[in-house]
Amino acid sequence: MARLKLALYWAASCGGCDVAVLDTNEKILDIAEIADIVLWPLALDFKYDHVRAMEDKAIDVCLFNGAVRNSEQEMIARLLRDKSKTMVAFGSCACFGGIPALGNFTDRAEIFERAYVEAPSNDNLGRTFPQTATHVNGNELELPEFYDTVLTLAQVVDVEYFVPGCPPPVDLILTVVDALANNKLPLVGSTIASEKTLCDECPRKKEDKKIDKIYRSHEIIPAPERCLLEQGMICCGPATRGGCGALCIKVNMPCRGCFGPPAGVMDQGAKMVSAIASILGVENEKDLSEDDVGKLMDQIVDPAGTFYRFGLAGSLLKRKRLQQR
Ligand code: SF4
Ligand code: SF4
Ligand code: SF4
């Protein structure tokens with residue numbers, strides 16, 4: 001079999017998805033066995049011009065991690081789309097917006113104000129902000145334009161496959177490598193993970209118990225064998241795609257939803273609100289009053305940031321309404 005031409009790119013990313021590829025340890029030799037890497041900013045010194053010089057579709061597979069939050073990332077996403085036969089949204093940021101997309105609860109002006117003026121370490125009385133063009137000694141220096149709205153990769157270009165996870169676990173990366181090596185890729189448009197929810201693969205006992213108190217992780221040491229949600233912890237398993245092997249659950253931590261919504265669910269946050277609504281109650285089966293439900297919901301700290309932690313950009317909400325300024 002001809003060796004694959006493989007590109008890896010990071011956009012609005014923490015770098016964790018690239019490190020996850022390195023975490024395959026000696027299995028990275030399997031990747032080296034099947035592929036020539038033609039772009040990998042984290043590890044190799046290729047330039048954008050090298051990519052521009054390639055013929056269209058010269059790259060077999062591009063693993064694109066990170067969301068799209070500025071003009072450079074959008075330009076490279078479009079360039080790599082032109083040059084790649086198969087585009088893979090790799091990791092939760094590329095698939096759903098991920099952590100960077102929490103910025104969609106605000107906008108560029110507020111983010112710049114916080115980052116360049118309000119943050120305690122700043123000394124910026126002149127209110128200097130990044131500019132897309134700055135003239136210095138007769139030369140023009142450019143910076144990418146920072147967008148108000150973080151986008152998923154598929155909101156910018158067509159994407160063939162989605163590999164979720166923050167970052168994708170090593171086993172899942174090896175599944176992708178195996179599928180590439182042996183031409184076993186699923187139908188275009190597929191998410192390479194389970195079709196079911198995380199609850200379906202979770203080993204904890206579910207007893208159909210109602211909850212009337214919600215705990216944060218530091219307030220309780222949950223019993224290791226019982227469902228965390230039924231112990232009052234916000235566990236996003238009912239609204240999250242399986243396939244991670246219940247990594248957080250196994251260390252007694254609730255799921256935060258990094259695998260995104262399961263198949264058939266359009267909005268992970270709305271699904272999670274519905275799951276919580278169905279479990280609220282008291283042991284004697286008496287329904288809670290609306291007031292009681294309101295008080296219970298008030299115990300959830302930052303519900304929007306909890307239920308849309310990884311998926312705001314790709315959700316039905318997408319972002320907070322932009323203010324006219
Ligand atoms: S998905 Fe997670 S690990 Fe990957 S770039 Fe985004 S924040 Fe980092
Ligand atoms: S809610 Fe969480 S702890 Fe409970 S079964 Fe689902 S994944 Fe497991
Ligand atoms: S348990 Fe949830 S948050 Fe943790 S790795 Fe799995 S999908 Fe992601």
Under-5 Å amide H pairs with Leu322, H placed in peptide plane, nonlocal only: none
Straight-distance crosslink candidates among lysines, where the alpha carbon sits under 25 Å from Lys196 and sequence neighbours closer than 8 are dropped: Lys184, Lys205, Lys206, Lys209, Lys210, Lys250, Lys271, Lys318
Potential lengthening between Glu33 and Glu207 on full extension [0.36 nm per residue; Cα-Cα distance subtracted]: 57.8 nm
Quotient of C-alpha Rg and 2.2 N^0.38 Å, computed over region 142-289: 1.24
Sites Ala181 and Glu72, calculated FRET efficiency, Cβ-Cβ separation with R0 25 Å, nearest 0.05: 0.20
Cα Rg, Dmax (largest Cα-Cα span) when computed across the chain, Å: 22.0, 77
Pairs of lysines in region 1-131 (C-alpha under 21 Å apart; 8 or more residues apart or interchain): 10
Hydrodynamic radius by Kirkwood, which averages 1/r over all alpha carbon pairs of region 116-202, in angstrom: 18.0 Å
Angle between the chain longest axis and helix 71-83 axis [Cα atoms, degrees, rounded to 10]: 70 degrees
Loop-located GluC sites (Glu not before Pro) in region 1-86, at most 10 other Cβ atoms within 10 Å (DSSP): Glu55
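Computed from the coordinates by the stated procedures, all read-outs in this text should not be read as laboratory data. Since we're looking at a predicted model, the values are computed, not measured. Here the Cβ is made from the backbone with ideal geometry for all residues, glycine too, and neighbour counts use every protein chain on show.
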